[in-house]
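Inspection log for the structure reproduced underneath, given as C-alpha cells.
The values are calculated or read from the model by the stated rules, or taken from the named source; none is laboratory data. The structure presented is a predicted model; accordingly, all values stated were derived computationally and were not measured. Heads up, the Cβs are rebuilt from the backbone with ideal geometry, glycines too, and the neighbour counts pull from every protein chain shown.
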Amino acid sequence: MEKKITQVFLLLHLLAEVVVSAKLTSFAQDFRVTWADAHIKQLQGGSAIQLTLDQISGCGFASKSKYLFGRISIKIKLVSGDSAGTVTAFYMNSDTENIRDELDFEFLGNRSGQPYTVQTNVYAHGKGEREQRVNLWFDPSLDYHTYTIHWSPYIVIFYVDEVPIRVFKNNVRRGVPFPSRQPMGIYSTLWDADNWATRGGLEKIDWSKAPFYAYYKDFDIEGCAVHVPLSSRVAAAMWCGANWWEGLEYRHLSASQARLYRWVRLNHLIYDYCTDKSRFPVPPPECLAGI
Ligand SMILES: *[C@@H]1O[C@H](CO)[C@@H](O)[C@H](O)[C@H]1NC(C)=O
C-alpha cells in the first residue's frame with residue numbers, strides 16, 4: 001500500500017515537473033553561460049549570441065533544463081578565416097560521469113581555404129570511441145547553417161541543414177547500449193584544441209588572428225524537459241515517450257533522406273571508426289547492423 005502511494009505521489013510530482021517545450025525565442029530564456037561570461041555577448045535583443053576565443057579564454061553555455069528525447073536545432077556561423085586549432089562544439093550530455101550519455105557535434109577549424117571537418121560521436125552508458133568525420137560541402141563560416149540532433153528511443157540522427165550525416169540506431173538487442181534512460185542537457189563551447197583538432201594537432205592556432213568568433217541564433221528546442229530525481233527516470237521515460245519526434249516517420253530515414261545520407265557517406269566521409277582496423281580489428285557490433 002505504502003509503495004502504491006509513493007508511486008502515485010511520484011507520478012503526480014512528475015506530471016508537474018515534466019514539460020514538453022516548444023520553440024524558443026531568446027538565449028537567456030533557456031540557456032545560461034557556464035564558462036567565461038565576458039566572452040559571450042548577446043546580440044539582436046538576445047535572439048543571437050557571439051562566442052569569443054582569445055588567448056585569455058574560450059567560453060561555453062548550457063541549457064537550464066535537461067531533456068529526455070527531442071529535436072534540438074541551432075543555427076551556427078563558425079569561426080571564419082584561419083580557424084585552425086579552434087573547436088566549436090554543440091552537444092547533449094547527461095552529466096553522469098562514468099555512465100554518461102553524450103551526442104556530439106564538433107566543428108574542427110582549419111587553415112584559411114581548407115575545409116572544416118565535422119566530427120560526431122555517440123556515448124552510451126559511458127562508452128564512446130564512435131567518432132565519424134565528414135568534410136562539409138560548403139564553407140560554414142560564411143553564413144548560418146542549421147545543425148540538428150534528433151534523439152528518440154529508436155534512433156539518433158545528426159543533420160546538417162536537413163541532410164543526415166550520422167545515424168545511430170538503437171541496437172540494444174545486439175547488446176549495444178543506447179542513450180535512452182538519462183535526460184541530457186544541451187551544451188556548447190568554443191575553445192583552443194590545437195593539440196589535436198587540425199591535421200591531428202600539426203596545425204596550431206595563429207593567435208595573431210585572434211579573437212575568434214562563432215555566432216549562434218534560432219535556438220530551437222523541441223524536447224521533453226525533465227526536472228526529476230534519478231529514481232524516477234523510468235517514469236520519466238514513460239511520460240516522455242509519446243511526442244511527435246518519436247512518431248513512426250522519425251524512426252528511420254525516409255527514402256529521400258537515405259539518398260542524401262548515402263551521398264554524404266560516398267562523397268564527404270573522411271573517417272569512420274567502424275572501418276578503422278587499427279583501433280577495432282573486429283568492427284563494433286553496431287557497425288555490422290547496417291546504416
Ligand atoms: C584541414 O585541411 C586538410 C587539407 O585539406 C585536410 O586534410 C583536413 O582533413 C582538414 N581538417 C582538419 C580538421 O584537419
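For Arg130, the stated conditions do not hold, so it cannot be described as modelled with pLDDT under 95 and in contact with a helix residue (DSSP H, G or I) (Cβ under 6 Å, 6 or more places away or on another chain).
When restricted to residues that are of a type outside the set (S, T, N, Q), in contact (Cβ under 8 Å) with a residue 12 or more places away in the chain and within 19 Å of Leu136 (Cα to Cα), segment 264-291 contains 8. Provide a single number: the residues in segment 101-113 that are more than 28 Å from Ile155 (Cβ to Cβ), touching a residue at least 24 places away in the same chain (Cβ under 8 Å) and near the ligand (Cβ under 10 Å from one of its atoms). Qualifying residue count, segment 101-113: 3. Within the set Val156, Val118, Val134, Val79, the sole residue that is assigned to a loop (DSSP other than H, G, I, E, B) and either buried (at least 20 other Cβ atoms within 10 Å of the Cβ) or within 13 Å of the chain's Cα centre (by Cα) (or both) turns out to be Val79. Within this structure, Val176 fails the test of being assigned to a helix (DSSP H, G or I), among the β-branched types (Val, Ile, Thr) and surrounded by fewer than 22 Cβ atoms within 10 Å (Cβ to Cβ).
Within segment 166-184, can one find any residue that is in contact with a Ser or Thr (Cβ under 8 Å, 6 or more places away or on another chain), at pLDDT 95 or above and either under 30 Å from Gln42 (Cα atoms) or among the aromatic types (Phe, Trp, Tyr) (or both)? Within segment 166-184, one or more residues are in contact with a Ser or Thr (Cβ under 8 Å, 6 or more places away or on another chain), at pLDDT 95 or above and either under 30 Å from Gln42 (Cα atoms) or among the aromatic types (Phe, Trp, Tyr) (or both). When Val134, Val87, Val122 are checked against the criterion of being of a type in the set (Val, Ile, Thr), closer than 29 Å to Pro284 by Cβ and more than 16 Å from the ligand (Cβ to nearest atom), Val122 stands alone in meeting it.
Of the residues examined, Leu68 is one that is in a strand (DSSP E or B), under 18 Å from the mean Cα position of the chain (by Cα), buried (at least 19 other Cβ atoms within 10 Å of the Cβ) and at pLDDT below 95.
Checked against (1) closer than 24 Å to Cys59 by Cβ; (2) of a type in the set (Ser, Thr, Tyr); (3) in contact with a strand residue (DSSP E or B) (Cβ under 6 Å, 6 or more places away or on another chain), Ser141 meets all criteria but (3).
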